[in-house]
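Here's the structure we're looking at; comments come further down.
The values are calculated or read from the model by the stated rules, or taken from the named source; none is laboratory data. Owing to the predicted nature of the structure, the values given are computational and were not obtained by experimental measurement. Positions of Cβ are generated from backbone atoms using ideal geometry, with glycine treated the same way; all protein chains shown enter the neighbour counts.
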């Protein structure tokens, strides 16, 4: 029964991933070994599950019916494991985590180092990529997401607000002057974050400054960059202004000779935040304790607000 369950899990991964190679990589297996396991599953069940060609596959009628039940079985086994884990005295087991690169390096890694020292029976896999992973199909236990929630079928816990600011270097201001209005700002060159999935080239500012009415302004710039650290370095070097979230800072702006711009205007966050996202309504002790550790490390309010003095009085209390 154990081998049958394992092979059903592999079959489920092949279908969810859409290829044998992607499914094999999830388990550090060779494609040929995975293919043999699926053939053994078909032999055990006495039915063909997949129609194979050289480059693709499709489900047979039997495969479609068995896939549906395999999904139910795997969800039930996960729930059983979650119940068992909740009775443990301390976190133990494996946790697979994914997040954006900068957030993972700057905020998750220090927590992971301390967490693994505190709980030696925990094994962590951390995957960092600015392009969002599919939590379910890639078997992640928790993802840390920045921005606006889109995965309605997942459970989300907000661990911090987003705190946007528009910044430029002192050298950039000396060259171009201090913009007094959004119209003056967008005439200046910008450094724009663009990772293929997300392009932050628009500012939503109150107009006039003390109004509750907001207007979209589109930034113009010759430099688009997919890495936050490179974006901040480019702003520091005077290539342009940028909109940043304060969590991307690693030191006070005065040390980087950066200046906040248009601080008397409201700058909308459009209901964004920093979230821990996981697939089950009752997370295991391991997942709950790790999320708690991240939140405690960040603090409430988050410690990065100290990097921009008087931020709470800027951007209409953004």
Complete set of residues in segment 209-225 that are at pLDDT below 90 and surrounded by 13 or more Cβ atoms within 10 Å (Cβ to Cβ): 209, 211
So, residue 192, is that one surrounded by 17 or more Cβ atoms within 10 Å (Cβ to Cβ) and either within 29 Å of residue 290 (Cβ to Cβ) or modelled with pLDDT under 95 (or both) or not? no
State yes or no: is residue 241 buried (at least 19 other Cβ atoms within 10 Å of the Cβ), assigned by TED's automatic domain parsing to the domain that holds residue 97 and in contact (Cβ under 8 Å) with a residue 60 or more places away in the chain? no
Taking the residues in segment 1-24 that are in a helix (DSSP H, G or I) and exposed (fewer than 14 other Cβ atoms within 10 Å of the Cβ) as candidates, determine which candidate is modelled with the lowest pLDDT. 2
Identity of the residue in segment 185-210, in contact (Cβ under 8 Å) with a residue 60 or more places away in the chain and either in the same structural domain as residue 146 (by TED's automatic domain parsing) or touching a helix residue (DSSP H, G or I) at 6+ places or on another chain (Cβ under 8 Å) (or both), that ends up nearest to residue 100 (Cα to Cα): 203
Being free of Cβ contacts under 8 Å to residues at least 24 places away in the same chain and either surrounded by 12 or more Cβ atoms within 10 Å (Cβ to Cβ) or under 14 Å from residue 10 (Cβ atoms) (or both) is the filter here, so list the residues in segment 46-62 that pass it. 47, 48, 52, 60, 62
Please pick out the residue among 137, 99, 169 that is within 30 Å of residue 245 (Cα to Cα), in the same structural domain as residue 260 (by TED's automatic domain parsing) and either free of Cβ contacts under 8 Å to residues at least 12 places away in the same chain or in contact with a helix residue (DSSP H, G or I) (Cβ under 8 Å, 6 or more places away or on another chain) (or both). 169
The condition from (1) surrounded by 14 or more Cβ atoms within 10 Å (Cβ to Cβ); (2) on the phi > 0 side of the Ramachandran plot that residue 235 misses is numbered (2)
Take the residues of segment 244-257 that are in contact with a helix residue (DSSP H, G or I) (Cβ under 7 Å, 6 or more places away or on another chain) and over 19 Å from residue 203 (Cα atoms): which is surrounded by the most Cβ atoms within 10 Å (Cβ to Cβ)? 249
